[in-house]
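K.L.:
Just dropping this structure here.
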Amino acid sequence: MSERRLDMRVNEPSHVGRARALAVEAAKRAGLSEDSVGQVALAASELASNLVKHAVDGMLLAQHAPGRLNLVTVDRGPGMRDPKRCLTDGFSTAGSMGTGMGAIRRAADFFDLYSLRDKGTAVLARWLEGGADAGAAGIVLPAPGESACGDGWRVADDGRRVTAVLIDGSGHGRAAEAAAASALRVVDESPFVRPLDMLELMRERIAQTRGAAAAVVAIDREAGVLRFAGVGNIVVKVHEPGAEHSVQLVSSPGIVGHRAQRHRPVETLREWTTETMVIMNTDGISQRWSLADWPGVRAVDPLLLGALILWQANRLRDDAGVLVLAGNGGGR
């Protein structure tokens with residue numbers, strides 16, 4: 001699974017109409033029904049209006065795939081004093097009628113919200129028409145000033161096995177995007193080979209590009225085993241229930257596709273349970289974040305968690321990507 005995206009910063013009233021148009025475009029590309037497109041337009045207007053009225057440094061992102069659309073907003077503050085009360089019709093802090101969040105929740109097939117005072121808010125509205133909700137979620141953003149993104153992801157799931165791959169094409173811009181796209185085609189063609197074999201296939205495929213960092217996680221649900229192999233500076237952390245700290249899986253140094261690769265990748269095996277969470281991020285994300293910074297965040301939808309990390313910890317100078325696998329290979 002992968003999804004295409006449209007995104008924009010939202011920080012002034014004129015951006016509301018543009019955000020609505022962006023969301024409608026994504027909904028139509030996803031092939032949603034006319035009625036659903038109308039609901040998406042309503043939700044996008046409300047979400048963007050909330051960013052303008054209440055938020056600092058807000059962004060709206062629309063992810064789309066056939067029969068599926070995610071609208072996500074994230075900001076860097078000030079956060080909600082009482083998120084549950086904000087979902088109640090009639091509640092407002094800006095002198096409006098106070099029906100925004102409730103209307104968004106009713107318009108969407110799925111809705112989730114996380115907010116922390118003095119930190120920020122993330123909101124997800126999802127529409128599904130004939131597309132299954134695969135659970136695991138990735139989200140990427142290009143470097144500031146770029147439209148092409150060299151970070152990309154894939155998730156394949158056949159019910160018994162899950163493969164999750166995060167790619168960071170070297171540099172940024174079109175050449176980085178091309179390198180990442182070539183590597184991800186390997187996943188599309190051979191989704192359930194072992195991680196070391198997948199890295200080797202990628203090495204052969206992208207040898208004529210500028211190369212990429214790659215991280216491959218393969219889960220066998222029946223055996224309860226997680227396999228990992230990676231090359232380059234993508235960070236992969238395993239979060240176990242009740243554990244105070246995460247465990248970082250070790251990648252080999254280098255760049256996939258470079259013929260002068262000195263270090264052979266190694267494969268790591270770990271136990272996998274339905275309570276295990278894996279979070280992967282490219283180097284466009286600062287390492288100064290922790291799930292402990294956001295109480296209760298493990299309970300939210302994986303895409304919402306990914307969006308929160310992406311925006312709160314974004315270095316804002318490179319492509320950035322996050323991939324989350326939460327429990328049994330996915331979340332909701």
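K.L.:
Run the numbers for residue 240 and residue 298: contour at 0.36 nm per residue of separation, minus the present Cα-Cα distance, in nm.
P.N.:
This chain segment gains 19.8 nm when fully extended.
K.L.:
Shape call for region 24-65 from the C-alpha gyration tensor, a ≥ b ≥ c root eigenvalues: rounded (a/c under 1.5), prolate (a/b greater than b/c) or oblate?
P.N.:
It is oblate, given that a/c is not under 1.5 and a/b is not larger than b/c.
K.L.:
Quick check on packing: order 5-15, 30-40 by the mean number of other C-beta atoms within 10 Å, highest mean leading.
P.N.:
30-40, 5-15
K.L.:
Considering only protein heavy atoms and a probe of 1.4 Å, how much of the accessible area of the chain is carbon and sulfur, as a whole percent?
P.N.:
For the chain, the apolar C and S fraction of the accessible surface comes to 48 percent.
K.L.:
Separate question: What accessible area per residue comes out for the chain, rounded to a whole number of Å², with a 1.4 Å probe?
P.N.:
Heavy-atom accessible area per residue stands at 43 Å².
K.L.:
Just need the relative contact order of region 104-187 here, percent rounded to a whole number, with Cα pairs under 8 Å and 6+ apart.
P.N.:
This gives 19 percent for region 104-187.
K.L.:
Given axes a ≥ b ≥ c from the Cα gyration tensor, I'd like to know whether region 231-294 is rounded (a/c under 1.5), prolate (a/b larger than b/c) or oblate.
P.N.:
Since a/c reaches 1.5 but b/c is at least a/b, the shape of region 231-294 is classed as oblate.
K.L.:
Excluding residue 127 itself, what net charge comes from residues whose Cβ is under 9 Å from its Cβ, given Lys and Arg +1 and Asp and Glu -1?
P.N.:
Combined, the nearby Lys, Arg, Asp and Glu give 0.
K.L.:
So how do 301-313, 196-208 stack up, highest first, on mean other-Cβ count within 10 Å?
P.N.:
By packing density, highest mean first, the sequence is 301-313, 196-208.
K.L.:
Below 8 Å between Cα atoms, with a sequence gap of 6+, how large is the relative contact order for region 102-251 in percent?
P.N.:
Reported relative contact order: 16 percent.
K.L.:
For region 221-332, rounded, prolate or oblate, judged on the Cα gyration tensor with a ≥ b ≥ c (square roots of eigenvalues), a/c < 1.5 rounded, else prolate if a/b > b/c?
P.N.:
Note, shape of region 221-332 comes out oblate.
K.L.:
If you don't mind, there's one more thing I want to ask. Kindly provide the helix-only [θ] at 222 nm of the chain, computed as the sum of -39,500 (n - 2.57) over DSSP H runs of four or more divided by all residues, to the nearest 500 deg cm²/dmol?
P.N.:
Roughly -8000 deg cm²/dmol at 222 nm, from the helical runs in the chain.
K.L.:
Hey, another quick one. How many nm separate the modelled label positions at residue 146 and residue 12, each set 7 Å beyond the Cα in the direction of the Cβ?
P.N.:
2.7 nm
K.L.:
Tell me the net charge near residue 166. Cut-off is 9 Å between Cβ atoms, residue 166 excluded, with +1 for each Lys or Arg and -1 for each Asp or Glu.
P.N.:
-1
K.L.:
Now for a separate question. Among (i) 22.4; (ii) 18.2; (iii) 15.8, only one was calculated for this model; which label is it, if the read-out is mean projected area of the Cα convex hull in nm²?
P.N.:
The value matching this structure is (iii).
K.L.:
Taking 30 Å as R0, compute the FRET efficiency from the Cβ-Cβ separation of residue 250 and residue 274 and round it to 0.05.
P.N.:
That pair, residue 250 with residue 274, gives E of 0.75.
K.L.:
I need the peptides 182-190, 65-73 ranked by packing, meaning the mean over residues of other C-beta atoms within 10 angstrom, with the highest value on top.
P.N.:
65-73, 182-190
K.L.:
Excluding residue 249 itself, what net charge comes from residues whose Cβ is under 9 Å from its Cβ, given Lys and Arg +1 and Asp and Glu -1?
P.N.:
+2
K.L.:
Still on this model: Can you tell me the relative contact order of the chain? Whole percent, Cα pairs under 8 Å, sequence separation 6 or more.
P.N.:
Taking the mean separation of contacting Cα pairs over the length of the chain, I get 15 percent.
The values are calculated or read from the model by the stated rules, or taken from the named source; none is laboratory data. Everything numeric in this text was worked out from a predicted model, so none of it was measured. Because the Cβ atoms are built from the backbone with ideal geometry, glycine has one as well, and the counts that use them run over all protein chains shown. Quick note on the areas: whole protein, heavy atoms, side chains included, nothing else; ligands and nucleic acids left out. Shrake-Rupley method; radii C 1.70, N 1.55, O 1.52, S 1.80 Å.
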